1. Being touching a helix residue (DSSP H, G or I) at 6+ places or on another chain (Cβ under 8 Å), part of a helix (DSSP H, G or I) and surrounded by 14 or more Cβ atoms within 10 Å (Cβ to Cβ): is that true of residue 23 here?
2. Does residue 64 satisfy the condition of being part of a loop (DSSP other than H, G, I, E, B) and at pLDDT below 95?
3. From 123, 142, 148, 102, grab the single residue that is outside the structural domain of residue 208 (by TED's automatic domain parsing) and under 19 Å from residue 55 (Cβ atoms).
4. If you scan the stretch 56-66, which residues turn out to be free of Cβ contacts under 8 Å to residues at least 40 places away in the same chain and closer than 16 Å to residue 41 by Cα?
5. Those residues that are more than 20 Å from the chain's Cα centre (by Cα) and either more than 28 Å from residue 6 (Cβ to Cβ) or part of a loop (DSSP other than H, G, I, E, B) (or both), I need them from the stretch 109-135; list them, please.
6. Does residue 261 qualify as being closer than 26 Å to residue 198 by Cα, assigned to a loop (DSSP other than H, G, I, E, B), modelled with pLDDT under 80 and touching a helix residue (DSSP H, G or I) at 6+ places or on another chain (Cβ under 8 Å)?
């Protein structure tokens, strides 16, 4: 979808969880477009105070507000003829949203505190990990700006939805951090590779990158990165193997020795379940279905005839 959009000037809306690589996809879109030799400017709207975001985006004239000692261009002017990437753009103030809509519609802007109209030719790529439709419903985001930006939405799947990418990404990050830390690491162990493929990746590609960097740091030259160096938690991908006691100490968790709870069993436990009564009722049901045939009832219960006979005697004595 990004390749098809690359040669057009349509605004692109990138959606996906934190850490899926939205800025990487935005840069790729720019590099495959006719604007590849022009500037690519990226800005995270969540990192800029609301009262300064307009000045950052659209520029400011000297004296426009306290602290504006000189006139300076904003991100739109710096990205002129190129591409501007706005990440976490749902954090824009209402005023900045209104100004952005006008810039997109008219292709021109005025700096904060200025009167001169300046023409800009910018390819806009925006990204968010929030549901913009929900933000519109709650009044956090302008509906008209949402419809203007939603011409070409692209959803970036999570890392757990594209596990075939994991070996390629690991290889890429190994090369990157070997050069950075001046180490020679031939790869990762089979056990570590299997754990990476099974892990749920709540932090997506950013989490994988951090794990590989940690592995490079903790592993000696010419050695494979093992599971412990990547992340001890990966030894049990679905459950942590340590827990914190009431006294604040770490101890081995008992939960990872068992499979996940069955929903039906959980419901029974919450309803004041009594094991002896349940066993008696189960045995009586099996005997009824088998017309009193002990051998047949034992097969239904997955027991031997002797095991069921012993339990029948116990049920009889209890009653």
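The values are calculated or read from the model by the stated rules, or taken from the named source; none is laboratory data. Predicted, not measured: the structure shown is a model, and the values here were computed from it. FYI the Cβ positions are ideal-geometry reconstructions off the backbone, even for glycines, and counts take in every protein chain you see.
1. On the way: touching a helix residue (DSSP H, G or I) at 6+ places or on another chain (Cβ under 8 Å): no; part of a helix (DSSP H, G or I): yes; surrounded by 14 or more Cβ atoms within 10 Å (Cβ to Cβ): yes.
No, not satisfied.
2. On the way: part of a loop (DSSP other than H, G, I, E, B): yes; at pLDDT below 95: yes.
It is true that residue 64 is part of a loop (DSSP other than H, G, I, E, B) and at pLDDT below 95.
3. Details: 123 fails: under 19 Å from residue 55 (Cβ atoms); 142 fails: under 19 Å from residue 55 (Cβ atoms); 148 fails: under 19 Å from residue 55 (Cβ atoms).
Criteria check complete, one pass: 102.
4. Passing the criteria: only 56.
5. Within the stretch 109-135, the subset more than 20 Å from the chain's Cα centre (by Cα) is 109-124.
110, 111, 112, 113, 114, 115, 116, 117, 120, 121, 122 - these are the residues of the stretch 109-135 that are more than 20 Å from the chain's Cα centre (by Cα) and either more than 28 Å from residue 6 (Cβ to Cβ) or part of a loop (DSSP other than H, G, I, E, B) (or both).
6. Values: closer than 26 Å to residue 198 by Cα: yes; assigned to a loop (DSSP other than H, G, I, E, B): yes; modelled with pLDDT under 80: yes; touching a helix residue (DSSP H, G or I) at 6+ places or on another chain (Cβ under 8 Å): no.
It is false that residue 261 is closer than 26 Å to residue 198 by Cα, assigned to a loop (DSSP other than H, G, I, E, B), modelled with pLDDT under 80 and touching a helix residue (DSSP H, G or I) at 6+ places or on another chain (Cβ under 8 Å).
A quick yes/no check of all residues on (1) in contact with a helix residue (DSSP H, G or I) (Cβ under 7 Å, 6 or more places away or on another chain); (2) in contact (Cβ under 8 Å) with a residue 60 or more places away in the chain; (3) surrounded by 14 or more Cβ atoms within 10 Å (Cβ to Cβ):
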| position | (1), (2), (3) |
| --- | --- |
| 15 | no, yes, yes |
| 46 | yes, no, no |
| 68 | no, no, yes |
| 72 | no, no, yes |
| 104 | yes, yes, yes |
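Residue-by-condition table, conditions (1) over 30 Å from residue 127 (Cβ atoms); (2) surrounded by 14 or more Cβ atoms within 10 Å (Cβ to Cβ); (3) at pLDDT 90 or above:
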{"site": "170", "(1), (2), (3)": "no, yes, yes"}
{"site": "200", "(1), (2), (3)": "no, no, no"}
{"site": "214", "(1), (2), (3)": "no, yes, yes"}
{"site": "244", "(1), (2), (3)": "yes, no, no"}
{"site": "270", "(1), (2), (3)": "yes, no, no"}
